[in-house]
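Here is the structure we will look at.
The values are calculated or read from the model by the stated rules, or taken from the named source; none is laboratory data. This structure is a prediction, so every number in the text was calculated from the model and none was measured. Cβ atoms come from the backbone with ideal geometry, glycine included; neighbour counts cover every protein chain shown. Protein only, heavy atoms only, side chains kept; ligands, DNA and RNA dropped before computing areas. Shrake-Rupley method; radii C 1.70, N 1.55, O 1.52, S 1.80 Å.
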Amino acid sequence: MATHEHYYVPAQSKWPIIATVGMFITMYGLGTWFIDMKAGRESHGPIFFAIGGLIVAYIMFGWFGTVIKESRAGLYSAQMDRSFRWGMSWFIFSEVMFFVAFFGALFYVRNITGPALGGEGPKGIAHMLWPNFQYVWPLLHTPDPTLFPPPKEIIDPWHLPLINTVLLVSSSVTVTIAHHALKKGHRGALKLWLALTVLLGLAFLMLQAMEYHEAYTELGLTLGSGIYGATFFMLTGFHGAHVTIGTIILFVMLMRILRGHFDAEHQFGFEAASWYWHFVDVVWVGLFVFVYVL
Amino acid sequence: MSAVIDDHGHEGHAHGPAKGLMRWVLTTNHKDIGTLYLWFSFCMFLLGGSFAMVIRAELFQPGLQIVEPAFFNQMTTMHGLVMVFGAVMPAFVGLANWMIPLMIGAPDMALPRMNNFSFWLLPAAFLLLVSTLFTPGGGPNFGWTFYAPLSTTYAPESVTYFIFAIHLMGISSIMGAINVVATILNLRAPGMTLMKMPLFVWTWLITAFLLIAVMPVLAGCVTMMLMDIHFHTSFFSAAGGGDPVLFQHVFWFFGHPEVYIMILPAFGAVSSIIPAFSRKPLFGYTSMVYATASIAFLSFIVWAHHMFVVGIPLVGELFFMYATMLIAVPTGVKVFNWVSTMWQGELTFETPMLFAVAFVILFTIGGFSGLMLAIAPADFQYQDTYFVVAHFHYVLVPGAIFGIFASAYYWLPKWTGHMYDETLGKLHFWLSFIGMNMAFFPMHFVGLAGMPRRVPDYNLQFADFNMVSSIGAFTFGATQIFFLFIVIKTIRGGPPAPAKPWDGAEGLEWTVPSPAPYHTFVTPPEVK
């Protein structure tokens with residue numbers, strides 16, 4: 001705590017306000033789009049959504065670009081580095097809690113709602129709502145099959161999901177090898193292992209897309225096929241979105257490394273990316289166990 | 001922004017604020033951002049208050065006089081949402097922005113640009129939320145707790161904008177909280193160990209942890225709603241194997257820590273103010289820290305006490321009942337410590353102290369009605385009555401809001417460089433105190449007698465108490481316009497404030513001049 005003197009407080013910045021405007025337009029556009037879609041109306045929502053999205057993309061380049069420039073110009077101290085580390089750690093914690101909400105929903109419907117609807121336990125009186133419903137997880141019969149047509153089958157965990165598990169766990173290993181290479185200054189190995197990590201991420205996403213395609217076209221497993229489909233797609237979907245973001249972040253790191261950024265002392269950006277990647281990996285292991293296998 | 005890469009960025013801290021409107025839009029200064037938060041919060045306080053005035057005007061007499069029931073529902077919903085997310089939370093973030101760097105000897109918040117982003121997302125979020133009142137189907141009308149399926153199957157179209165507004169508020173809160181944690185853990189002056197920090201800093205550290213833990217859960221909750229409404233999922237629909245009760249579990253897992261988010265910083269501020277005007281150090285500092293941490297921990301395991309009548313198993317009722325009662329222990333420790341701090345002190349009752357003492361007494365009353373509600377079998381009777389409304393207004397108005405008023409008067413000299421008018425401040429206090437008790441105390445009685453909440457009409461037998469409540473509410477509401485006048489008067493002039501206007505006050509914030517210079521502690525102070 002002795003290095004206070006050079007804590008860098010940036011001058012005024014235009015990025016936050018542009019980011020706010022971008023976020024507002026994005027959210028307004030998306031909301032309008034959804035509302036009009038449901039009402040079956042023409043909508044100007046998608047245009048606003050696209051404009052907002054472009055603004056957000058622009059500020060991501062601009063804002064992160066500014067931070068990178070400042071960092072490369074040597075404005076940041078070791079103390080600043082610690083602020084970033086605390087910030088990233090708590091951000092990942094908040095992401096964990098986001099997934100906790102969806103995992104919690106999954107456990108709740110499996111252990112409490114399902115049995116009650118099937119007639120078990122003190123709340124089994126709920127069975128009178130749909131007397132023909134029998135509770136078996138995975139839910140191949142929904143209480144009201146006309147409203148929520150159940151899936152014919154579910155995804156077999158021991159094919160694509162198993163391959164995806166192997167891909168993602170290996171990518172956590174490769175990114176760690178890349179990190180060790182960075183610390184030792186082996187730039188060639190660093191580039192190679194990081195590129196391999198990005199490729200593994202992309203391969204994971206491709207297989208996930210194939211799996212979704214199969215679910216929708218062949219298995220009848222959709223967002224609307226009862227609570228199994230809802231929890232399945234929300235959990236794997238948000239995870240997939242995070243893998244996409246993580247892959248983009250790692251790709252940006254690769255580009256920066258190709259331009260000669262980072263060394264053994266200055267590597268917070270890379271470390272943050274790898275923390276994020278490990279987080280995404282851990283969530284996947286949870287998904288594989290609780291969504292696919294059990 | 002590329003301009004900062006030149007030398008200017010290295011030593012540009014000596015200069016003052018930029019001129020004009022862009023100073024506020026582009027600022028990275030914690031004091032500017034704190035001021036923005038506080039003004040925004042006050043605007044929302046008046047807006048949410050005006051919704052409450054509509055509610056109380058309608059309830060002045062039985063029968064339907066002024067508004068349609070459908071609009072009444074929008075008023076109760078928006079009053080709650082605006083007060084919780086627009087008035088109370090931003091006020092505390094504003095206080096945190098202003099005071100935490102001053103209290104721990106930091107040059108600014110740890111991540112100043114993100115700090116600006118956290119603030120500006122809030123006006124955007126509330127623009128989105130409040131504008132729904134003017135849409136054809138009306139604004140959110142399902143109560144601030146937005147239970148499914150009221151908020152999904154039977155909701156107005158505008159619920160989708162409500163969901164995205166909640167997302168924006170959540171992003172703002174999470175970034176704000178991350179900033180607070182990073183500042184406290186990383187930017188303390190040399191010698192400012194954790195156990196030397198003022199309690200306001202401690203309570204905010206714990207509050208920030210609660211925010212980071214539960215705001216994402218709220219985001220998950222509204223996301224499930226969004227998917228149920230637009231993409232045919234069945235999270236809250238039993239026909240697909242989901243459960244409306246699941247909504248309540250997810251919501252209250254956020255909602256209960258949220259109520260401590262709204263009170264812990266007030267605990268911290270009062271723990272500075274009472275010692276200052278008692279001219280004694282705080283009694284039991286260490287136990288205060290541990291009590292705050294215990295309250296935060298317990299807040300995660302009591303959420304289903306909001307759901308006693310929903311049909312949870314007996315063992316669940318018992319667990320949540322006893323866990324809830326357990327919170328009275330650390331809270332009792334706090335009240336005991338505040339009273340013991342005053343014991344044999346040289347008390348004076350300037351406006352901050354008046355608000356702080358009223359806080360201790362009235363918050364305790366709110367705590368007691370909370371204990372009554374915690375008793376599951378008794379709660380079966382109180383559920384959804386005005387007794388619940390009385391309870392949470394007693395913890396929020398003389399709790400959170402009085403805590404904010406006390407803080408505002410206590411630190412106004414530091415912010416503005418002027419002393420506020422003590423007579424006017426005391427008048428503000430007494431009118432608020434009388435108005436607030438008149439508004440909310442009778443609600444206990446009508447609630448116990450069975451008057452349901454969120455209904456625009458009521459049985460004749462409740463008429464007198466409701467009229468008293470309404471008069472009290474109008475008094476309280478009008479008094480806050482008076483507070484605005486006092487603050488503006490203080491900003492524009494008044495006796496100059498010394499660096500330390502309160503002789504019993506302690507802390508680093510009193511070592512810098514009043515008003516606090518634009519940049520403080522660029523070089524950290526040494527804390528003995």
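Model label points for B:Tyr290 and A:Leu160, set 7 angstrom from Cα along the Cα-to-Cβ axis, are 5.5 nm apart. Each semi-axis of the equivalent ellipsoid for segment A:1-76 is √(5λ) with λ an eigenvalue of the Cα gyration tensor; in descending order they amount to 39, 11, 8 Å. Our summary of shape: the Cα atoms of segment A:133-293 have principal axis extents of 62, 23, 22 Å, ordered from largest down, in whole angstrom. The figure for B:His232 is an accessible area of roughly 90 square angstrom, using a 1.4 Å probe on the protein chains alone. Rounded to the nearest whole Hz, the Karplus-based 3J(HN,Hα) values (6.51 cos²θ - 1.76 cosθ + 1.60, θ = phi - 60°) of segment B:245-261 follow the sequence 5, 4, 4, 5, 4, 5, 4, 6, 5, 6, x, 6, x, 4, 5, 6, 4, with x at glycine and proline.
Taking a quarter of the surface of the convex hull around the Cα atoms of chain B, what do you get in nm²? Working shown, then result.
Values: hull surface 99.9 nm².
Mean orientational projected area (chain B, Cα hull): 25.0 nm².
Once the Cβ-Cβ distance of B:Met22 and A:Ile245 is raised to the sixth power relative to R0 = 35 Å, the FRET efficiency obtained is 0.60. Compactness of segment B:290-363, taken as the C-alpha radius of gyration over 2.2 N^0.38 Å, stands at 1.49.
In the neighborhood of B:Pro456, defined by Cβ-to-Cβ distances under 14 Å, what is the net charge if each Lys or Arg adds +1 and each Asp or Glu adds -1?
Values: positive: B:Arg56, B:Arg453, B:Arg454; negative: B:Glu58, B:Glu68, B:Asp457.
Around B:Pro456, the charge tally is 0.
Taking every pair of alpha-carbon atoms in segment B:31-131, what share in percent sits in each 10 Å bin, from 0 to the bin with the longest distance? The percentages, shortest bin first, are 15, 38, 24, 14, 7, 2. Per-residue ellipticity at 222 nm, computed for the protein assembly as shown from helices alone with -39500 (n - 2.57) per DSSP H run of at least four residues, works out to -22000 deg cm²/dmol.
Using just the alpha carbons, could you tell me how many Å³ per residue the convex hull of chain A encloses?
Dividing the Cα hull volume of chain A by its residue count gives 170 Å³.
What's the FRET efficiency of B:Met467 with B:Ile491 using the Cβ-Cβ distance as r and R₀ = 51 Å, to the nearest 0.05? Could you put the intermediate results ahead of the total?
Working: r = 37 Å, r/R0 = 0.73.
My answer for the efficiency is 0.85.
Please work out the FRET efficiency for the pair A:Leu207 and B:Arg454, using the Cβ-Cβ distance as r and a Förster radius of 45 Å; give the result to the nearest 0.05. My answer for the efficiency is 0.35. Treating cross-link reach as a plain straight distance, find the lysines whose alpha-carbon is under 26 Å from the alpha-carbon of B:Lys334, omitting any fewer than eight places away in the same chain. List returned: B:Lys196, B:Lys280, B:Lys426.
Candidate cross-link partners of A:Lys14 among the lysines, defined by an alpha-carbon separation under 30 Å and a same-chain spacing of 8 or more, comprise A:Lys69, B:Lys19, B:Lys31, B:Lys414.
Looking only at other chains, what is the average number of their beta-carbon atoms within 10 angstrom of each beta-carbon in A:96-108? The partial results should precede the final answer.
Details: counts 3, 12, 9, 2, 7, 12, 6, 1, 6, 11, 0, 0, 7.
Taking all residues of A:96-108 together, the mean is 6.
Figure the gain on full extension for B:Ala328 and B:Lys528 (residue separation times 0.36 nm, minus the Cα-Cα span) and round it to one decimal in nm. Can you show the working numbers first?
Details: separation 200, 0.36 × 200 = 72.00 nm, distance 3.53 nm.
Here the segment from B:Ala328 to B:Lys528 would lengthen by 68.5 nm.
Computed 3J(HN,Hα) for segment A:111-124, one whole-Hz value per residue from the Karplus formula 6.51 cos²θ - 1.76 cosθ + 1.60 where θ = phi - 60°, is 9, 10, 5, x, x, 5, 5, x, x, 8, x, x, 9, x, glycine and proline marked x. Computed on the Cα atoms alone, the convex hull of segment A:132-214 gives a volume of 108 cubic angstrom per residue.
The candidates A:Phe61, B:Phe433, arranged from most to least accessible area with a 1.4 Å probe in the full protein assembly, appear as A:Phe61, B:Phe433. The residue among B:Ile184, B:Gly105, A:Ser172 whose Cα reaches farthest toward the positive pole of the charge dipole of the protein assembly as shown, with charges on the beta-carbon of Lys, Arg, Asp and Glu, is B:Gly105.
Relative to the dominant Cα principal axis of chain A, helix A:187-214 is inclined by about 20°. Extending 7 Å from the Cα toward the beta-carbon at both A:Phe64 and A:Val173 defines two label points whose distance is 2.8 nm.
When all alpha carbon pairs of segment B:154-232 are counted in 10 Å bins from zero, the resulting P(r) reads 17, 36, 22, 15, 8, 2 %. Values of log10 I(q)/I(0) for segment B:142-195 across q = 0.14, 0.19, 0.20 Å⁻¹ run -0.56, -0.72, -0.76, by the Debye formula with one identical scatterer at each alpha carbon and no solvent. Given axes a ≥ b ≥ c from the Cα gyration tensor, I'd like to know whether the protein assembly as shown is rounded (a/c under 1.5), prolate (a/b larger than b/c) or oblate. Oblate, since a/c reaches 1.5 and b/c is not below a/b. Derived value for segment B:292-440: Kirkwood hydrodynamic radius 17.1 Å. Basis is the mean of 1/r over every pair of different alpha-carbon atoms. Near B:His418, the amide H atoms lying under 5 Å from its own belong to B:Ala497; only residues 5 or more places off or on other chains count, and H is placed 1.01 Å from N. Between the amide H of B:Thr385 and those of B:Arg453, distances stay under 5 Å, these residues lying 5 or more places away or on another chain, with hydrogens modeled in the peptide plane.
Loop only per DSSP, at most 16 neighbouring Cβ atoms within 10 Å: give me the GluC sites (Glu not before Pro) in segment A:197-291, ordered by residue number.
Numbers: sites: A:Glu211, A:Glu214, A:Glu218, A:Glu265, A:Glu271; in loops: A:Glu265.
Hits after loop and neighbour filter: A:Glu265.
Once the Cα atoms are used to define both axes, helix B:264-278 deviates from the longest principal axis of chain B by about 50 degrees.
As a length-normalised measure over Cα pairs under 8 Å and 6 or more apart, the relative contact order of chain B settles at 18 percent. Across the protein chains, with a 1.4 Å probe defining accessible surface, the residues B:Ile261, B:Ile471, A:Ile248 rank A:Ile248, B:Ile471, B:Ile261 from largest area downward.
Three principal axis extents describe the C-alpha atoms of segment B:440-500; from largest down they are 55, 21, 18 Å.
With a cap of 15 neighbouring Cβ atoms within 10 Å, and only residues DSSP puts in a loop, list the GluC sites (Glu not before Pro) found in segment B:313-353. Before the final figure, lay out each step's value.
Values: sites: B:Glu317, B:Glu346, B:Glu350; in loops: B:Glu346, B:Glu350.
Those that pass, being in a loop and sparsely packed, are B:Glu346.
Within the shell of other residues whose beta carbon sits under 13 angstrom from the beta carbon of B:Glu506, the net charge comes to +3, with Lys and Arg scored +1 and Asp and Glu -1. Distance between the pseudo-spin-label points of B:Glu506 and B:Gln344 (7 Å out from Cα toward the beta carbon): 1.7 nm.
Take every Cα pair under 8 Å whose residues are at least 6 apart in sequence, average their separation, divide by the length of segment B:383-528, and the relative contact order is 36 percent.
Can you sort A:Lys123, B:Lys334 by solvent-accessible area, 1.4 Å probe, largest first? Display every interim value, and only then the final one.
Working: A:Lys123 65, B:Lys334 0 Å².
Listed by decreasing accessible area, they come as A:Lys123, B:Lys334.
Relative to the longest principal axis of chain A, what angle (0 to 90°, nearest 10) does the C-alpha long axis of helix A:268-287 take? The two axes meet at around 10 degrees.
Dividing the mean sequence gap of close Cα pairs (under 8 Å, 6+ apart) by how many residues segment B:198-355 holds gives a relative contact order of 29 percent.
Couplings 3J(HN,Hα) of segment B:179-186, computed from phi: 4, 5, 4, 4, 5, 5, 7, 10 Hz, in residue order, whole Hz [Karplus 6.51 cos²θ - 1.76 cosθ + 1.60, θ = phi - 60°; x for Gly and Pro].
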